[in-house]
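Participant: A single structure is presented below for examination.
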Amino acid sequence: QLQASGGGLVQAGGSLRLSCVASGRPFSTYTVGWFRQALGKERDFVAASFRGQYAVYAESVKGRFTISRDNSKNTVYLQMNNLRPEDTAVYYCAAGSTLIRSTVASQSAYGAWGQGTLVTVSS
């Protein structure tokens, strides 16, 4: 089970840190990803921590967002800096056991999803 939190309202240029806490089995070797869905749009890939070894980012967030994890707390973070109004969306975390790094941007690579946390960036 995954629990996402940390969303809120922030002005453009501001920062937020999202957290995704996993309960149950330790997930140190799992791939954990963040996706987002803006109103009326499809859910898009944002970032992933591939089995705790590599970070993968969507082009739109490279250089602004950082994914990290604290395995001792079963928690993955998404630090979001220099936020833009187009970053406004519901953010979801997900976990999966994929062994193929090239699949991390695909929703089908994840078997467990959190409930989402809303991020609103005002201009």
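The values are calculated or read from the model by the stated rules, or taken from the named source; none is laboratory data. None of the values given here were measured: they were computed from a predicted structure. Cβ placement follows ideal geometry from the backbone for every residue including glycine, while neighbour counts extend to all protein chains displayed. The area values use the complete protein model at the heavy-atom level, side chains included, leaving out ligands, DNA and RNA. Shrake-Rupley method; radii C 1.70, N 1.55, O 1.52, S 1.80 Å.
Participant: At 1.4 Å probe size, with the rest of the protein present, what percent of the exposed accessible area of the chain is carbon and sulfur atoms? Let's see the in-between values first.
Facilitator: Working: 3040 of 6340 Å².
Result for the chain: 48 percent of the exposed heavy-atom area is carbon or sulfur.
Participant: Restricting everything to alpha-carbon atoms, can you work out Rg to Rh for the chain with a Kirkwood hydrodynamic radius?
Facilitator: Across the chain, the Cα-based Rg/Rh ratio is 0.94.
Participant: While we're looking at this one, here's another question. Who wins for biggest fluctuation among 22, 89, 58 in a Gaussian network model of the chain, springs between alpha carbons below 10 Å?
Facilitator: In the Gaussian network model the winner is 58.
Participant: Now for a separate question. Looking at region 22-123, which GluC sites (Glu not before Pro) are in a loop (DSSP not H, G, I, E or B) and have at most 13 other Cβ atoms within 10 Å?
Facilitator: 42
Participant: Also: Across region 94-111, in residue order, what do the Karplus-derived ³J(HN,Hα) couplings come to in whole Hz, using 6.51 cos²θ - 1.76 cosθ + 1.60 with θ = phi - 60° and x for Gly and Pro?
Facilitator: Karplus-based 3J(HN,Hα) across region 94-111 equals 8, 10, x, 10, 4, 9, 10, 4, 5, 9, 5, 7, 9, 4, 5, 7, 10, x Hz.
Participant: Next question. Classify region 65-120: rounded, prolate or oblate, from the alpha-carbon gyration tensor (a ≥ b ≥ c, eigenvalue square roots; a/c under 1.5 rounded; otherwise prolate if a/b is larger than b/c)?
Facilitator: In terms of gyration-tensor shape, prolate.
Participant: Please compute the per residue accessible area over region 1-82 with all protein chains in place, 1.4 Å probe, rounded to a whole number of Å².
Facilitator: 53
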